[in-house]
Amino acid sequence: MSATSTKETKASKKTTTAKKSTSTAKKKVSATKDSSIEEKLDGLFNLQKIDSEIDRIRIIRGELPIEVEDLEDEIVGLETRTGKIQTEIDEIDQDISNRKIGSKESDAAILKYKERQNNVRNNREFESLSKEIEFQELEIKLNEKRTKEGKIKIDNKKEILAEATDRLNLKKADLTTKKAELDSIISATQKDENKLLKASKEAKKNIEERLVLAYNRLRDNSKNGLAVVELIYGNKRNTGHRDASCGGCFNKIPPQRELDIVTKKKIIICEHCGKILIPSQEELED
Ligand SMILES: [Zn+2]
């Protein structure tokens with residue numbers, strides 16, 4: 001019982017302290033003459049966060065279609081390949097049927113020559129017909145040999161064709177999935193992007209035009225779209241001091257300027273990259 005009450009007291013004490021610190025912070029803000037500058041900086045930082053999110057969505061969406069495109073290219077390549085193998089098989093098949101016809105013709109010719117051999121007038125004519133027969137027999141043998149070879153070639157090619165067809169079907173199924181995925185991502189990100197674009201427009205309304213123009217110019221001239229950057233801090237030195245740098249170009253910021261940035265009493269622009277500097281949000285949380 002007593003333990004619970006202690007806990008409760010502690011908890012209520014904590015709440016009071018929290019409340020107190022909030023009210024002190026509020027007092028501080030309202031007491032400072034330059035609170036409008038702080039508001040401007042906060043407004044700019046808020047705008048930057050929204051615009052950076054828009055940039056991020058556009059980058060993600062930009063890369064997805066490339067994956068689908070690669071898949072489509074691979075499918076075209078596989079279709080060309082399977083088509084070529086099929087043509088080769090058809091050509092060998094055609095050659096085999098041509099040889100079948102050729103052998104039949106040779107058989108017929110042999111029969112004819114043999115008949116004529118029965119009615120020859122001399123030995124020379126007989127020999128000449130024998131040579132013709134021999135030639136036709138060789139043709140038949142050659143056809144048999146080529147047919148055998150052709151059938152082996154067809155078997156090999158059919159195996160390769162089956163593998164390529166399997167791969168092609170797999171890639172086609174993959175493409176269907178990826179395309180559906182891409183479509184849903186595009187529509188989803190489009191929704192998010194539209195929301196953010198609206199938020200960005202709203203955020204700009206609360207910032208004076210001169211600053212919005214400067215912000216837009218900075219963003220347009222920046223590869224990563226950053227116009228407002230946080231201070232970043234290096235490791236603690238022996239003296240306990242930590243160097244502050246610009247979060248955009250990483251150049252060191254002199255201590256006096258750092259103070260002006262941290263207190264948000266002036267809008268400070270980096271001397272090196274021209275970006276608007278704000279305090280490190282991580283440091284503020286600590
Ligand atoms: Zn800089």
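Structure above, values below:
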item: Subset of the stretch 252-286 [exposed (fewer than 14 other Cβ atoms within 10 Å of the Cβ), farther than 20 Å from R217 by Cβ and within 13 Å of the ligand (Cβ to nearest atom)]; result: K252, P254
item: Test: residue in the stretch 71-85 that is outside any helix (DSSP H, G or I), exposed (fewer than 13 other Cβ atoms within 10 Å of the Cβ) and of a type outside the set (S, T, Y); result: no
item: Residues of the stretch 199-231 that turn out to be in contact with a helix residue (DSSP H, G or I) (Cβ under 9 Å, 6 or more places away or on another chain) and within 14 Å of the ligand (Cβ to nearest atom), as a count; result: 7
item: Checklist (1) of a type in the set (V, I, T); (2) loosely packed, with under 13 Cβ neighbours inside 10 Å; (3) over 27 Å from K179 (Cβ atoms) applied to T147, failing item; result: (2)
item: Options D107, D51, D73, D93: the member that is at pLDDT 95 or above, closer than 30 Å to K204 by Cβ and among the acidic types (D, E); result: D51
item: Conditions (1) of a type in the set (D, E); (2) exposed (fewer than 12 other Cβ atoms within 10 Å of the Cβ); (3) under 21 Å from D260 (Cα atoms); number of the one not met by D243; result: (2)
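The values are calculated or read from the model by the stated rules, or taken from the named source; none is laboratory data. What you see is a predicted model, and the numbers here were worked out from it, not measured in a lab. Here Cβ is always computed from backbone atoms with ideal geometry, including for glycine, and neighbour counts include all displayed protein chains.
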